[in-house]
Amino acid sequence: MSATLIAPSVLAADFGNLQRDIEMVNASQADWFHIDIMDGVFVPNISYGMPVLKAIKKSATKPLDVHLMIVDPDRYIDTFAGLGADVLTVHYEACTHLHRTLQAIKQAGMKAGVALNPHTPITVLESIITELDLVCLMSVNPGFGGQKFIETTFEKTNQLRQLVAQKNAQVLIEIDGGVTSNNALELKNAGADVLVAGSFVFGAADPTNTIKDLKTLTK
């Protein structure tokens with residue numbers, strides 16, 4: 001099994017020192033920047049929008065993994081492509097015509113991801129798994145950083161890994177929420193390819209070392 005990708009979640013960064021935090025991630029062993037876009041409608045919180053993403057892109061030297069927690073994401077696909085998103089993930093629960101949305105993401109030159117809320121079963125992906133580049137399993141209820149990890153995520157990750165194998169799909173499994181050094185290895189063993197870590201990284205006394213520890217644990 002290959003080493004797990006680590007994607008620090010910029011939502012937990014210090015926005016008064018955003019440049020410093022971006023440069024820290026650039027210089028660290030992290031693989032991606034994970035960027036949450038929230039609209040206050042799909043989730044009960046509003047995060048940053050296009051200007052902040054543009055500023056991140058200007059300085060980031062690693063791929064941008066953009067996670068849309070918004071209603072009607074189709075309206076903004078081309079905008080996010082133009083802003084430099086490498087992976088664009090939409091929520092299953094926010095898409096009426098998921099297949100069409102995924103096609104539009106790919107046509108815009110990005111990798112296409114789908115996120116599932118904690119209560120949404122893996123089975124909803126059976127007919128579409130081969131169209132995906134990434135599945136993001138929410139291991140907390142989306143909307144706020146720093147929440148407690150939902151333990152059933154291990155079983156869900158296992159189920160998704162089985163579905164990917166069964167359909168012979170080329171899909172990365174990403175876990176988002178409550179990831180720490182206490183559960184990182186167990187998540188990798190359950191089948192995770194990408195771990196999103198927010199407050200665990202940015203709230204640490206030494207974020208660079210925390211990223212390094214996560215990488216070492218999940219080699």
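Each value in this text was obtained by applying a stated rule to the coordinates, not by laboratory testing. Note that the coordinates shown come from a computational prediction; the quantities given were computed from them, not determined experimentally. No Cβ is skipped: glycine too gets one built from the backbone with ideal geometry, and neighbour counts run over all protein chains shown.
Decide, for the range 5-217, between rounded, prolate and oblate: order the square roots of the alpha carbon gyration tensor eigenvalues as a ≥ b ≥ c, take rounded if a/c falls under 1.5, and otherwise choose prolate if a/b is larger than b/c, else oblate. Judged from the Cα gyration tensor, the range 5-217 comes out oblate (a/c at least 1.5, b/c at or above a/b).
Which entries of 156/188; 106/156; 62/212; 188/219; 188/212 have Cα-Cα distances beyond 18 Å here? Present the calculation step by step, with values, prior to reporting the outcome.
Details: 156/188 13 Å; 106/156 26 Å; 62/212 16 Å; 188/219 9 Å; 188/212 16 Å.
Exceeds cut-off: 106/156.
Taking the beta-carbon count within 10 Å as an exposure proxy, list 61, 180, 210 from fewest neighbours to most.
Fewest-to-most Cβ neighbours within 10 Å comes out as 61, 180, 210.
Distant-in-sequence amide contacts of residue 197, defined by a placed amide H-H separation under 5 Å and a gap of 5 or more residues or a different chain, comprise 7, 9. Please state the shape class of the range 52-122: rounded when a/c is under 1.5, otherwise prolate if a/b exceeds b/c and oblate if not, all from the C-alpha gyration tensor. Note, shape of the range 52-122 comes out prolate.
Of all DSSP beta bridges in the chain, what percent run antiparallel (nearest 5)? Don't skip to the end; give the middle numbers.
Numbers: 1 of 32 bridges.
Bridges in the chain that DSSP calls antiparallel: roughly 5 percent.
So what's the gap between the Cα centers of the range 49-104 and the range 143-196, to the nearest angstrom? Each part reduced to its Cα centre gives a spacing of 21 Å.
Taking the number of other C-beta atoms within 10 Å as the exposure measure, put 128, 46 in order starting with the fewest.
Working: 128 17, 46 12.
So the residues, fewest neighbours to most, are 46, 128.
When 50, 38, 138 are sorted by how many other C-beta atoms sit within 10 angstrom of their C-beta, beginning with the fewest, the order is 50, 38, 138.
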